Amino acid sequence: MFNTSLDILYLVLSLSALLLTVFLCLALYQFIVSARKINRLASAAEKMAIKGEELISFLHDRIGHGTALVMGLAEVIKKVIASFSGKKESKKKAK
């Protein structure tokens with residue numbers, strides 16, 4: 001089967017090339033699987049970020065409208081207090 005040492009060298013080189021090819025294929029497969037997992041993770045994180053942004057804008061809108069309502073209510077209360085204090089002053093002046 002092996003007539004010379006050159007035949008053994010060629011056999012070793014061919015087996016080395018075969019093993020290198022198998023190793024590179026497995027490494028490429030692992031890289032592709034990892035890249036897919038990273039892509040899925042990134043898309044899930046993006047969806048969560050979008051939901052968080054929507055929540056924050058919703059809360060901002062609610063708080064903004066609530067603040068305007070409270071400010072309007074505070075103005076009404078100030079006017080009511082001012083009108084009652086004006087009536088008390090007019091009653092004191094009348095006495």
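Any chance region 5-14 includes a residue that's modelled with pLDDT of 90 or more, loosely packed, with under 10 Cβ neighbours inside 10 Å and of a type in the set (Ser, Thr, Tyr)?
Yes, region 5-14 contains at least one residue that is modelled with pLDDT of 90 or more, loosely packed, with under 10 Cβ neighbours inside 10 Å and of a type in the set (Ser, Thr, Tyr).
Touching a helix residue (DSSP H, G or I) at 6+ places or on another chain (Cβ under 7 Å), free of Cβ contacts under 8 Å to residues at least 60 places away in the same chain and of a type in the set (Phe, Trp, Tyr): does that describe residue 2?
yes
Got a sec? Which of 94, 35 is at pLDDT 80 or above and out of contact with any Phe, Trp or Tyr (no Cβ under 8 Å at 6 or more places or on another chain)?
Only one candidate qualifies: 35.
Kindly indicate which of 17, 45 is surrounded by 10 or more Cβ atoms within 10 Å (Cβ to Cβ) and within 37 Å of the chain's Cα centre (by Cα).
Every option except 45 fails the conditions.
Residues are listed down the side, and each one gets a yes or a no for (1) polar (S, T, N, Q); (2) part of a helix (DSSP H, G or I):
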site: 3; (1), (2): yes, no
site: 8; (1), (2): no, yes
site: 11; (1), (2): no, yes
site: 43; (1), (2): yes, yes
site: 51; (1), (2): no, yes
site: 69; (1), (2): no, yes
site: 80; (1), (2): no, yes
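The values are calculated or read from the model by the stated rules, or taken from the named source; none is laboratory data. No experiment lies behind these values; they were computed from the predicted model shown. FYI the Cβ positions are ideal-geometry reconstructions off the backbone, even for glycines, and counts take in every protein chain you see.
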